Amino acid sequence: MWQWFHKWGSAKWFYQASAAWSRVFGYFALLFLTLGLVWGFVFAPADYQMNHNYRIMYLHVPSAMLAQITYLLIAILGLVNLVWKIKITPILARAVLPFGASCVLLALLSGAFWGRPTWGTYWIWDARLTSTLFLFFLYMGLWACYSLLPASMGRNSAYKAAAIVAIVGSVNIPIIKFSVEWWNTLHQPASIRLTQRPAMPASMYLPLFASIIGFYCLMVYLMLKRARLLLLEDELHKAWVKEVEPKLVGGS
Amino acid sequence: MINAMLRREWLLLWRRPQDMLQPITLLLLLILVFPMALDLTQFSLPSLGWPVLLNAVLLSLLLGMEQLFAEDQRTGYLDQVRMSYGLYAYVLIKLVCHWLRVWLPLVVVLPLVIFFYQMPLSALPVLLLALSLASAAVVVFAAFAAALTLGLARAGMLMALLVLPLLVPVLVFAAATGQAVLMVEPWQGAILWLAAITCLAWSLLPWAISSVLELANH
Amino acid sequence: MPFDSLAEFWSMGGHGFYVWTVVLFFALLLVLNLVSPSFITRRIKARLKRQQQLQQRR
Amino acid sequence: MILQAVNLALRFDDWQLWRGLSFTIAQAELVHLRAANGRGKTSLLRGLMGLNHWLEGDVRWAVDMQAEEDFAAKVLFVGHKTPLASELSVLENLQLLQGLRGQVSSQQQLAATLQDIGLQGFADMPAKWLSAGQSRRLVLSQCDLPSLRFWCFDEPFVALDKMYVEWLVAKIQAFQLSGGAVLFTSHQEIPGLAARELYLD
């Protein structure tokens, strides 16, 4: 167990091992996304009101889910970095951040474009939309931390500071959601709130599952792909880089 | 050692009246200019006063807050504190004194807002309580951002980006309290949530702030 | 098969604009996410080149 | 032994300035840290004080100096900066500096200290009106605190005039005689200071 943990501290080991994993997750992402989206957009039956608009769900639901999961993941990685000081975790957190931010954007846009035919407007101050909007700003703040703080406190300190920001943010996310819901019930007429959808037949939710799994795999794939390069960038002067990537570094 | 730090911040609180006046001048002007943009036949002033005040408080307290630790950093006082009793006590003292610095003028401004926005005077005590809690939360969150951006040029934008989303719950519950009071509805629920958030922030964030200050290298 | 013709598939029961915009946006973000790691590679290469030039000058 | 540094390295992210630095500082020892500009003298001193994470390696302090309050009472660090609050008076700043080390002096002692650094009569003046040399003297006046065992000075002679350079040299010699150790950097050659030299490369 301890040895397994120790392995994660080794940048070289991670760099070499992650090549294969990232490929595997890449293929899985391709498989499940194709399956889920083609099934969802082409073969799944129309809604009971003969409505095709709901197909946006196959992108909206996974992206909204992953938007939150990714932030949580970043916070957990930050916690692991602060407690066990495993070198690779802040790099993983940094690497997955753009994917999370993209998911928020996609969730917001797909929410708006789903809402337009449903509610008659692109944007309503619905609790979910509003809290997703603030999640977007949390991502942007974290991104700014990763890109600006190294200049003022050095890279390693900046990673730790960003981890603290992510943890503070993740504690706040449920509070923000709760407060926005409270605010929403005060202000919004109940008629245009997202209510529970009618129960779906299997032919509708199975593609949704496939799509969600596809998004998860995509997250891991993109995270590993970026993390490998960020690790290389951070450790460019180390001996193991020359050993592993002689073509990149050694060639003069 | 704690006494020395406390005495320093307490003396500085009174020796720098400009620090106390600057945010409050902005706040007052924002509030008094705002009705100029309104068609007063369509909007009712009493229902606008409180939300406008809250937003103005958010903005004016954030302004200049990035300087909270900057001078102590520049003069090396922060180094001496890090070498002696550690940062946690320093952060707490700094936060309490800074909160006093912004709270005292707010006490003066609130009756003015009530007067200019034609709100009932009976709402004053609850509004003052809500304003105290909200400003305390704003101070501690903004201090967190100030610690993070210490040593960065042009930190103001990053401060706003980091702080404002985190302050959404504070804004919501403070606004809800005021709204309930003005409509003569039960306001206790909202203000209890506000108090809970402020307490949570004050119990956790000073740790976060001192660990971020600990990370500085210069 | 819920669609009888390709035209019907594109129109999505009159909601084609909304559905396809979202899909397009998804594709855009996906491409951006897939391409952006190459920016890091480019950054690394630029740095290595700079270092090499500095060393040669010495 | 006051402090033992084992296998130190200074690394700013990608740039390693040096590594493998080990040294000990014993009681009653005077150490002059020497290096060219930009070799990380200041970073080394700040790292020893626990103020710089770019310094890696092991710094072991004497057993009776490890606890937080012991460290504050026994180690004095004077860097480039003068940790004075500009709106507070000279006397208040002096009390604050001593208070941070857990020391409270009587009015007479404070007056004597001000006399010693040539600031008698300035007690009520705000610190912002002090000259660079006067501020530095005010900060250096902490060295008289009896609990101190180790001084760490970064360019302490900068901004001091000839008379106060001699004053500080005398202080250092007296401190050394009483068993204290001093680690300092200085670009000037200071006559009368027989120090062991430590080179950074």
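The values are calculated or read from the model by the stated rules, or taken from the named source; none is laboratory data. Fair warning: this is a prediction, and the values are worked out from it, not measured in the lab. Note that we place each Cβ from the backbone using ideal geometry, even for glycine, and neighbour counts take in every protein chain shown. With ligands, DNA and RNA removed, areas are computed over all heavy atoms of the protein, side chains included. Shrake-Rupley method; radii C 1.70, N 1.55, O 1.52, S 1.80 Å.
Tabulated data for the structure shown
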item	result
Carbon plus sulfur fraction of accessible area for the protein assembly as shown, probe 1.4 Å, in percent	64
Largest-first principal axis extents of the Cα set of the range B:124-218 (Å)	53, 25, 19
Candidates D:Trp54, D:Trp15, D:Trp151, ranked by Gaussian network fluctuation over chain D, Cα under 10 Å, top entry	D:Trp15
Residue-level accessible surface for D:Leu168, protein heavy atoms, 1.4 Å, Å²	0
Residue-normalised accessible area of the range B:2-214, expressed per residue, 1.4 Å probe, Å²	41
Candidate residues C:Trp10, D:Trp18: accessible-area rank, largest first, probe 1.4 Å	C:Trp10, D:Trp18
Phi to ³J(HN,Hα) by Karplus 6.51 cos²θ - 1.76 cosθ + 1.60 over the range A:205-220, Hz, x for Gly, Pro	8, 4, x, 5, 4, 4, 5, 5, 4, x, 5, 4, 4, 4, 4, 4
Alpha-carbon radius of gyration plus Dmax, which is the widest Cα pair, for the range B:62-102 in Å	10.7, 31
Estimated D of the range D:42-141 in µm² per second, where Rh is the Kirkwood radius over Cα pairs and Stokes-Einstein applies at 20 °C, 1.002 mPa s	143
Candidate residues B:Val184, A:Val241, B:Val96: accessible-area rank, largest first, probe 1.4 Å	B:Val184, B:Val96, A:Val241
Accessible heavy-atom area order of D:Asp144, B:Asp79, highest first, probe of 1.4 Å	D:Asp144, B:Asp79
Of B:Leu21, B:Leu95, B:Leu61, the one that fluctuates the most in a GNM where chain B has Cα springs shorter than 10 Å	B:Leu21
Inter-label distance, nm, simple model (7 Å from Cα along the C-beta direction), D:Phe23/B:Gln42	7.5
Normalised per residue, the volume of the convex hull around the Cα set of the range B:37-130 (Å³)	105
For the protein assembly as shown, projected area of the alpha-carbon convex hull averaged over all directions, nm²	39.6
B/A buried area, accessible surface, summed, 1.4 Å probe, Å²	2400
Rg over Rh [alpha-carbon atoms, Kirkwood Rh] for the range A:1-146	1.07
Trypsin sites (Lys or Arg not before Pro) within the range A:205-252, DSSP loop, no more than 16 other Cβ atoms inside 10 Å	A:Lys238
Proportion of all alpha-carbon pairs of the range D:125-201 beyond 22 Å (%)	25
Label-point gap, in nm, between B:Gln188 and A:Arg128 - each point 7 angstrom along Cα→Cβ	3.5
Cα point-scatterer Debye curve for the range B:2-214, base-10 log of I(q)/I(0) at q = 0.11, 0.16 Å⁻¹	-0.54, -1.07
In Å², nearest 10: area of A:Arg23 left accessible to a 1.4 Å probe	140
Virtual spin-label span in nm between D:Ser178 and D:Ala132, 7 Å along Cα→Cβ	3.0
Only Lys, Arg (+1) and Asp, Glu (-1) charged, at Cβ; chain D dipole about Cα centre in debye	240
Overall Cα dimensions of chain C - principal axes, largest extent first, Å	72, 18, 13
Helix-only mean residue ellipticity at 222 nm for the protein assembly as shown, each DSSP H run of n ≥ 4 adding -39500 (n - 2.57), per residue, nearest 500	-22000 deg cm²/dmol
The range B:2-214: relative contact order in percent, alpha carbon pairs under 8 Å with at least 6 residues between	28
Chain B: most fluctuating residue of B:Ala153, B:Ala137, B:Ala70 per GNM, C-alpha cutoff 10 Å	B:Ala153
Cross-link partners of C:Lys45 among lysines (Cα-Cα below 30 Å; sequence separation of 8 or more within a chain)	A:Lys7, A:Lys12, A:Lys85, A:Lys87, A:Lys160, A:Lys225, A:Lys238, A:Lys242, A:Lys247
Interface size C-A, as summed buried accessible area [1.4 Å probe, Å², nearest 100]	3200
Nearby lysines by direct alpha-carbon distance to D:Lys81 (threshold 25 angstrom, same-chain neighbours under 8 apart not counted)	B:Lys94, D:Lys41, D:Lys128, D:Lys162, D:Lys171
Convex hull of chain D built on C-alpha atoms - directionally averaged projected area, nm²	11.3
The range A:24-83: proportion of alpha-carbon pairs further apart than 13 angstrom, %	72
With all protein chains modelled, accessible area of B:His98 [1.4 Å, Å²]	30
Efficiency of FRET from Cβ geometry, D:Ala194 and D:Gln115, R₀ 22 Å, rounded to 0.05	0.15
log₁₀ of I(q)/I(0) at q = 0.21, 0.22 Å⁻¹ - the range B:179-218, Debye sum with one point per alpha carbon	-0.69, -0.72
For chain A, Kirkwood radius (reciprocal of mean inverse C-alpha pair distance, Å)	20.1
